[in-house]
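Here the structure comes first, spelled out in structure tokens, and everything after it is commentary.
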Amino acid sequence: MGNGSAKIVRRALGVLLMSAATLRAVEPPPRSFPPPMNAAEIQLALQKLNVLGRVLYVAAHPDDENTNLMALWANGALYDTAYLSVTRGDGGQNLLGPELGERLGFIRTHELLAARKVDHAHQFFTRAVDFGFSKSAAETLGIWDRDKILADVVWMIRKWKPDVIITRFSPDDDKTHGHHTASAILAREAFAAAADPKRFQEQLAYVEVWKPTRLVWNTSPFFFQNRNIPFDPAGLTTLEAGGFSPLLGKAFTEIAAASLSMHKSQGVGSPPRRGARKEYFKLLDGAPMKDALFDGIDTTWTRVPKSEAIAEKVKQLLATFAPADPAASVPKLLELRRELSKIDPTDWFIAKAGEVDVLIAACLGLNIESSTTSATVSAGQTLPIKLEAINRSNVPVQLVEASTPVTGQNLRLDTPLPQDQFVAKDLTPALRKEVTYTQPYWLRKPAALGTFTVDDQKLIGLAENPLAFPVEVFLHVGDQDLRYLVDTKYRTVDPIIGEVRQNLVIAPPVFANLQNAVFVFGDDKPKTVQVRVTASTDTVRGQLRLEAPKEWRIEPASVPVDLPAAENESFATFTIHPPSTATDATLRAIVNVDGHDYSFARERISYQHIGAHTLMPPAEAKIVRADIKKKGELIGYIPGAGDDIPQSLQQIGYDVKLLDGPEIKAENLKRFDAVVLGIRAYNTQNRIATWQAELLEYVKAGGVVVAQYNTTADLKTKQIGPFPLEISRDRVTDENAEVRILAPDHPLLNTPNKITAADFKGWVQERGLYFPNKWDANWTARNRSMADSSWRNPVTAILSTPATVSSASCPPAFPAPTASSRIWFRCAA
């Protein structure tokens, strides 16, 4: 028999043996290929194999989770631990940059994922939109669409199957953020609904009903001390959470601090707390508990039928594990894997078989990567992929096959992976003509009021999209087949950073970016609008047009687009003639290529702690026709935490110059008609106290300063105006609250544009916040927002919005207008 015939026989025999092995054992679904693990992490993961307990922590926002408990449960008690954040934090503020709304929610989603990488817990979400501060759970649940978000919490309970559910907040608290209380109310309702087969029956096509053992509130002395109420731990279950993991070399409080510090857009960097730390729990529903959260809950293999031998095999693994030679444990892991196939192939089989597959890869020192030099790919294109593998152990491993589920292509490899021999294979799969873009799944369709639109039940709850372009790798180790999903990354080399890996982007062939999010027409004169068109992956030839309601006349009707290669871009200019009367509409940029319309913009978000990401929102902008009178020409702008005010000022005809340290001198500021301070400038600019003196000198000389809102936390100076004034946390959360003008004839409300209550219509989030609650007699309230019949109630009303200093009270040192902290001031002439 020749060598060729012998190879064919051996291959056929191998296939027969693998088929026989598959018949003998139930194969778990493929697991995402794990990152490298050191010996201590492997040993900790081995210990976890004998722990069968799950805990789900529920709260409202990113950073609401108790990272101390996340770290303790995932790394100490070794429970499967997850955090369900009802929102993605879209309604918050951003200390890192200008991203707000959906973009901020995307950043905070990835900050939570970065936190979970630190504390080793899992992360889930509902479809609820964070709409800013809410003063009541009733308002929150009305805006969120209570039934939909309740269904999402039920879905995650049925899917995750926790033994214990923990809420961060009390469901009966009416003195905290409405989102907080609502998250606990939903958890309490879902605790019962998840076990009821009559509730949300459509979910039962994918999951089973599930009844957790108990629901508890993770209470804290903080909740009571913050209200000057004594904290009484009597009757509560207490947990010592300040322990230390010798294997990781860290206290759980240290892991918690590093995890919490991932929430960088919120500025909650935390120092590690070392030493003892008590956590307290109050039973809300379910089985009573006395000494511990898991009282009466079996977290061993005895809870699973036909699993008698599994626990013993794990004990043997732990007894024989050699940190200097993890590969020696592979045969026993394969035996354990075979034993797992004897139990019911659901739930704990899926979880533990996946953990075993991760451990096998880790003990082998196996590394498999799928990478491409293409950052972006479009439908129908070929994607050059390099599949690389190395086995750093002396255990025989066979790379059998690789497939690309996105394209439906398989490649038979039958390649051995000898010890320390680097193996590389080139794959060239072609994407189908119908593909799903890598736009985050919850942003693919317009959101309803308070709720993201997600039609695919299987996506609900996921923190991010499934892998964009996985390569499923089939391995043969010992007598068993293993499958892993390897995420394909765009790989490049930065001369300073070194190797850089980013998510592969599946995108439309062309992007069209309008230069602004809003175009304001202050009169009936036409304006030019510029559109940047970018080829995402290849040659693009087509026509670009703008669409708007017929009363907006656009010239020309279309512009040709001819881009010869990927990342080439061109700019097109259109003239828009607004209607004669005030109105607003949506402007869309559309590129027609080969008979297909594409209307997507490209936005890149990149921060060191979350990496680089690409969003593909609709290529749209708002166009507004208004009657606006402009006074002055040149405005200086001192940045704060990030906003779009400079662009907005440019839209109404001002020249805007961004100012920094050396330029902020009173003498230099004289050339500006006004100086505007960005959002939270008094919180974020370390030199603001020095600049304040220059700003006031500029005001004394006749200048105008306008400051936007600031928060009470981390003010760099308390001197935020020419007279004493203290800001508070008072706010009006009802965006439709009545606004009353107290001084309608004042020049500030009439020059150059008249301000009336009608200008406050169309508010999208909160009436206002962080209003002053104490001020010098020189300040005079001018406007008042009415949230109910008693505006004096600081919980439901603004104490003051724009304010005026009367001429009689203007001291000689301040004869000119000034402004501060969302309160506008003018000394009358």
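The values are calculated or read from the model by the stated rules, or taken from the named source; none is laboratory data. Note that the coordinates shown come from a computational prediction; the quantities given were computed from them, not determined experimentally. Here the Cβ is made from the backbone with ideal geometry for all residues, glycine too, and neighbour counts use every protein chain on show. The protein model used for the area step is the full one, side chains on, heavy atoms only, and it has no ligands, DNA or RNA in it. Shrake-Rupley method; radii C 1.70, N 1.55, O 1.52, S 1.80 Å.
To the nearest µm²/s, what D does Stokes-Einstein give for the chain at 20 °C and 1.002 mPa s, using the Kirkwood radius over alpha carbon pairs as Rh? Estimated diffusion coefficient is 70 µm²/s. Identify the residues of segment 405-434 with backbone N under 14 Å of a label point that sits 7 angstrom from the Cα of residue 394 along the Cα-to-Cβ direction, or state none. Under 14 Å, as judged by backbone N against the label point of residue 394, lie 419-420 of segment 405-434. Candidate cross-link partners of residue 489 among the lysines, defined by an alpha-carbon separation under 16 Å and a same-chain spacing of 8 or more, comprise 386, 425.
Taking label points 7 Å from Cα along the Cα-to-Cβ direction, residue 318 and residue 409 give a separation of 4.7 nm. The simple Förster model, with R0 at 30 Å and r as the Cβ-Cβ distance, assigns residue 690 and residue 650 a FRET efficiency of 0.60. Sequentially through segment 146-160, phi angles give Karplus couplings (6.51, -1.76, 1.60; θ = phi - 60°) of 3, 5, 5, 6, 4, 4, 5, 5, 4, 4, 5, 5, 5, 7, 7 Hz, Gly and Pro residues having no value and appearing as x. Taking label positions 7 Å along the Cα-Cβ direction at both residue 386 and residue 432, the computed distance is 3.0 nm, reported to one decimal.
I'd like the FRET efficiency for residue 325 and residue 494, computed as 1/(1 + (r/R0)^6) with the beta carbon distance as r and R0 of 35 Å, rounded to 0.05. Walk me through the intermediate numbers first.
Values: r = 36 Å, r/R0 = 1.03.
Rounded to the nearest 0.05, the efficiency is 0.45.
Using a simple spin-label model with pseudo-atoms 7 Å out from Cα toward Cβ, residue 517 and residue 577 lie 3.1 nm apart. For a label point 7 Å from the Cα of residue 657 along Cα→C-beta, name the residues of segment 664-681 whose backbone N is under 19 Å from it. 664-678, by backbone N distance to the label point. Within a straight-line Cα-Cα reach of under 15 Å, residue 622 can be paired with the following aspartates and glutamates, leaving aside sequence neighbours fewer than 8 residues apart in one chain: 547, 551, 584, 644. Converting phi to 3J(HN,Hα) with the Karplus coefficients 6.51, -1.76 and 1.60 and the offset θ = phi - 60°, segment 270-275 yields 10, x, x, 9, 10, x Hz in sequence order, with x at every glycine or proline. If you restrict to DSSP beta bridges whose two residues both lie in the chain, what percentage is antiparallel, to the nearest 5? Approximately 70 percent, going by the DSSP bridge assignments. How far is the Cα center of segment 705-747 from the Cα center of segment 458-517, in Å? When both Cα centres are located, 46 Å separates them.
The H on the amide N of residue 510, modeled in the peptide plane, is under 5 Å from the matching H of 536, each at least 5 residues off or on a different chain.
Helical runs (DSSP H, four residues minimum) scored at -39500 (n - 2.57) apiece and divided by the length of the chain put the mean residue ellipticity at 222 nm at -6500 deg cm²/dmol. Per residue, the chain exposes 45 Å² of accessible surface when a 1.4 Å probe is rolled over the protein heavy atoms with every protein chain present. Summing Cβ point charges (Lys, Arg +1; Asp, Glu -1) relative to the Cα centre of the chain gives a dipole of roughly 440 debye.
So if each residue of separation counts as 0.36 nm, and I subtract the Cα-Cα distance between residue 462 and residue 292, what length gain in nm does that give?
58.2 nm
In order along segment 169-180, the phi-based Karplus estimate (6.51 cos²θ - 1.76 cosθ + 1.60, θ = phi - 60°) of 3J(HN,Hα) comes to 10, 7, x, 10, 8, 10, 10, 10, 3, x, 4, 4 Hz; Gly and Pro are listed as x.
List the chymotrypsin sites (Phe, Trp or Tyr not before Pro) within segment 118-221 that DSSP assigns to loop and that have no more than 14 neighbouring Cβ atoms inside 10 Å. Spell out each step's value before the answer.
On the way: sites: 124, 125, 131, 133, 144, 155, 160, 169, 191, 200, 206, 210, 217; in loops: 131, 133, 169, 200, 206, 210.
Loop-located and lightly packed - 206.
Before anything else, pin down the relative contact order of segment 481-528: Cα pairs under 8 Å, at least 6 apart, normalised by residue count, whole percent.
Numbers: 21 pairs, mean separation 10.6, N = 48.
Rounded, it is 22 percent for segment 481-528.
Between residue 421 and residue 373, what is the FRET efficiency for a Förster distance of 25 Å, r being their Cβ-Cβ separation, to the nearest 0.05? Display every interim value, and only then the final one.
Values: r = 24 Å, r/R0 = 0.95.
Calculated value: 0.55.
The mean sequence distance of close C-alpha pairs (under 8 Å, at least 6 residues apart), as a share of the length of segment 15-131, puts its relative contact order at 24 percent.
I'd like the carbon and sulfur percentage of the solvent accessible area for the chain, probe radius 1.4 Å, heavy atoms only, ligands and nucleic acids excluded. Intermediate results must be reported in sequence, preceding the final value.
Numbers: 19610 of 37060 Å².
For the chain, the apolar C and S fraction of the accessible surface comes to 53 percent.
Computed on the chain, with alpha-carbon pairs under 8 angstrom and 6+ residues apart, the relative contact order is 9 percent.
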